[in-house]
1. Could you pull out every residue, at least 5 positions away or on a different chain, whose amide H is within less than 5 Å of the one on ALA73? Hs are placed 1.01 Å off N in the peptide plane, and Pro or chain starts have none.
2. Please identify the DSSP H helices in the chain that span no less than 27 Å along the helix axis (Cα) and have a mean Kyte-Doolittle hydropathy of 0.0 or more.
3. What number in nm² do you get for the chain if you take the convex hull of its Cα atoms and divide its surface by four?
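Just so it is clear, none of the values below were taken in a lab; they were calculated from the coordinates. Nothing here was measured: the structure is a model prediction, and the numbers come from that model.
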Amino acid sequence: MAQLAEPPAASLQTEPAKRERTLTLADHLEELRRRLALCLIVLVAAVGVSFTQAERIIGWLRRPAEGLLPRFAFFTPTEPLLAYFKVSIMAGVILTMPVVLSQIWGFVRSGLTWRERYYGFAFIAWGSLLFVTGVAFAYYWLLPVSLKVLLGVGRGVLEPVVSINTYLAFVTGLAFWCGIVFEIPIVLFLLAKVGVVTPEWLRQSRSYAILVIFIIAAVVTPTTDPVNMILMAIPMVALYEVSIWVTRFAIRRPPHGGRS
């Protein structure tokens with residue numbers, strides 16, 4: 001029965017190659033242009049819809065600062081308009097991301113084998129989930145704690161006056177980089193799958209990794225204070241430890257084609 005199952009797998013592996021030979025460079029460029037145009041149209045529409053809800057989006061983004069900042073200020077006549085455009089573009093990009101990922105996957109899928117398609121789809125699915133988890137972690141835990149600590153310094157002596165653009169840059173920057181940081185397990189899993197890293201090497205390199213993590217945390221945090229650096233470094237260290245455990249499964253599983 002195992003021998004009877006091999007021809008379909010072989011045909012699945014050669015199917016992308018057969019299709020690839022039937023497509024010329026002009027066909028690929030035309031397909032790329034069509035997919036980019038679709039992404040651009042969806043992005044413009046999403047930004048337009050988001051602009052009508054910009055006030056609600058700003059209200060949602062300011063929730064972590066409730067009780068700490070009574071109101072936001074602006075220092076140039078164009079700053080409120082720029083803030084509305086900024087949150088509209090940010091929300092539009094988030095709404096368009098599923099379309100963009102699907103178009104990227106549709107473009108590269110034809111040139112992949114069935115095994116590469118499986119890993120590629122798993123990377124997109126798990127990568128998207130981990131990114132959203134990182135953004136949620138930043139919004140519901142990291143932002144409230146960091147704002148409380150930072151705005152509590154000099155309370156009673158100094159009055160915080162924060163511009164809307166400064167606050168939005170702080171919130172979106174912290175949320176974005178936290179989402180990127182949460183991709184560490186899936187990236188290391190794939191690197192272990194192709195043999196670039198091993199759990200033993202990650203375990204032996206733990207001290208160097210922690211040093212690099214704190215350097216990265218100091219670079220990606222929107223501010224230069226040690227509080228945000230530590231708050232960003234703690235989940236990165238935890239994710240690194242999780243990655244050591246996750247990569248064990250990438251090494252442990254034998255290839256399906258190893259049995260004859």
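1. VAL162, SER163, ILE164
2. Numbers: long enough: 25-52 (41 Å, 1.12); 79-109 (43 Å, 1.25); 114-137 (34 Å, 0.73); 226-252 (39 Å, 1.24).
Once both thresholds are applied, what remains is 25-52, 79-109, 114-137, 226-252.
3. Values: hull surface 75.2 nm².
Average projection, Cα convex hull of the chain: 18.8 nm².
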